[in-house]
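Read the structure below first, then the notes.
No value in this document is a laboratory result; all are computed from the given coordinates. Model, not experiment: these values are computed from the prediction. Glycine gets a Cβ as well: all are built from the backbone with ideal geometry, and neighbour counts include every protein chain shown.
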């Protein structure tokens, strides 16, 4: 049976592991990006750096949050005739990452999915369904192989919905948005609903970690916990943290434990952000991971985790964050080039409770 603690959303178990690693200095950014961000360090974070981090997080949200009226994203959404929207220079790599994943997934991974999320009711007024212990299941683990199908008594995610009558409003595509030669000015000619949530939080974690390590001159162990996206930087290459992997069928338990060295672990799940929406007099159960090609919530997986080593690339959390989402909406073959370049490892849970993972994914799943 699936059993133990919590990591996907709030990472409640991280407190225990942080103390065991002697992360004696803790700073919380309570409402950052909606989930909150907790910073653990073995060395003090001086008030000046704390203030700098808070200002940067606020600036980041003022640029990318579609839930803030004063953000650039909201301005793009409200601009009747479009315009030129200049982003900070640090946004360039985020846009480049969206280019890479848009191309790799043949358009399934797209920042323009914001229009579909809004159409399905994901706005400031959305009421998520409570997390409950819904399904009990036997976990089956497969390594680099085809997945088993048809565990009796467990419904597939696709069966939760009836999308036969759903007609989406075809949105703008990421590939159709013009960018200037510097890559940080977006040019539009009508309102566009953008959502950068598939990479945005992981990218912010990387930017914050860079600021912290530079300030501390790489003389501290640092852990950033951003509600499903985590990056740890440890001076000892052999040191690792244990991180519980949340059970998507019962968020009070875990399905396994990851052993994480310096790098990033990110998770995606349909367990938390679920809500009901009425369409054509029919109630649909919706979650937030949409395939941008058809605008419908993915029924392929119920949870995914991705690990990217700190040594493999400059933005390990951004890549891990993106991969965790992309696994829901694309094939592993499509993502193979990105996974190889970043030396990413991952694991997924199918709706029938089968666990599938790459051979080097650093976790043990409970049987």
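Under 17 Å from a label point 7 Å along Cα→Cβ of residue 239: give me every residue in region 294-332 with its amide N that close. Flagged as within label range: 310-311. Potential lengthening of the chain between residue 175 and residue 55 amounts to 40.0 nm, from the contour at 0.36 nm per residue minus the alpha-carbon distance.
If you take the Cα centroid of region 309-367 and the Cα centroid of region 55-120, the two points sit 24 Å apart. Placing dummy labels 7 Å off each Cα toward the beta-carbon, the span from residue 46 to residue 210 is 2.2 nm. Here the extension length gained between residue 123 and residue 164 equals 12.4 nm, from 0.36 nm per residue of separation less the Cα-Cα distance. Let me know the shape class of region 14-365, please: from the alpha-carbon gyration tensor, a ≥ b ≥ c as square roots of the eigenvalues, rounded when a/c is under 1.5, otherwise prolate if a/b is greater than b/c, or oblate. The shape class here is oblate. Taking 7 Å steps out from each Cα toward its Cβ at residue 62 and residue 75 produces label points 1.1 nm apart.
Shown for 211, 230: other C-beta atoms within 10 Å of each C-beta, ranked fewest to most, produce the order 211, 230. Would you please classify the overall shape of region 323-367 from the alpha carbon gyration tensor, given that a ≥ b ≥ c denote the square roots of the eigenvalues, rounded means a/c under 1.5, and beyond that prolate means a/b larger than b/c while oblate covers the rest? Verdict is oblate for region 323-367.
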